[in-house]
1. For region 56-69, which residues satisfy the criterion of being without any contact (Cβ under 8 Å) to a residue 12 or more places away in the chain and surrounded by 11 or more Cβ atoms within 10 Å (Cβ to Cβ)?
2. Please go through region 19-58 and give me each residue that is of a type in the set (Ser, Thr, Tyr) and over 12 Å from the mean Cα position of the chain (by Cα), ordered by number.
3. Is there any pair linking a residue in region 37-55 that is farther than 9 Å from residue 71 by Cα and open to solvent by less than 50 Å² (accessible area, probe 1.4 Å) to one that is in a helix (DSSP H, G or I) and of a type in the set (Ser, Thr, Tyr), with Cβ under 6 Å and at least six apart or on different chains, and which?
4. Taking region 22-33 only, how many residues are without any contact (Cβ under 8 Å) to a residue 24 or more places away in the chain and either open to solvent by less than 80 Å² (accessible area, probe 1.4 Å) or within 14 Å of residue 75 (Cβ to Cβ) (or both)?
Amino acid sequence: ASIFEFCGVLFLGASVTSTVRGKIFNTSDYEDMPEVVMLGMFTSLVSASFMMMIATYMGMPVSTTHTVIGCIIGFAVSNFMLHLEYC
């Protein structure tokens, strides 16, 4: 199993990193405010860490990737809702 995990990281790691970096939400919307992306990614990692610790403590099966992706999507949706201009 460890051989296949190593091969997966070696051959597919760059595409996963590329997807996380720029294809989950439109980064061009934040070109004039990079601090929002930096804060959003930081809070996503911190909240994912807490969720992982709680799930591990409770003995639940967890996926680090799914947790981080969920937090990033949550950040993007909440930031979009925060900056909506209502008519």
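1. Of everything in region 56-69, those that are without any contact (Cβ under 8 Å) to a residue 12 or more places away in the chain and surrounded by 11 or more Cβ atoms within 10 Å (Cβ to Cβ) turn out to be 56, 62, 63.
2. 27, 28, 30, 56, 57
3. Close Cβ pairs (under 6 Å, with a partner that is in a helix (DSSP H, G or I) and of a type in the set (Ser, Thr, Tyr)) amount to 37/30; 52/67.
4. Applying the first criterion (without any contact (Cβ under 8 Å) to a residue 24 or more places away in the chain) to region 22-33 yields 22-23, 26-33.
If we keep only those that are either open to solvent by less than 80 Å² (accessible area, probe 1.4 Å) or within 14 Å of residue 75 (Cβ to Cβ) (or both) too, we end up with 22, 26-30, 33.
Residues that pass the stated criteria total 7.
The values are calculated or read from the model by the stated rules, or taken from the named source; none is laboratory data. Nothing here was measured: the structure is a model prediction, and the numbers come from that model. Backbone-built Cβ (ideal geometry, glycine too); neighbour counts: all protein chains shown. When the accessible area is computed, the model is the full protein with side chains, heavy atoms only, and any ligands, DNA or RNA have been set aside. Shrake-Rupley method; radii C 1.70, N 1.55, O 1.52, S 1.80 Å.
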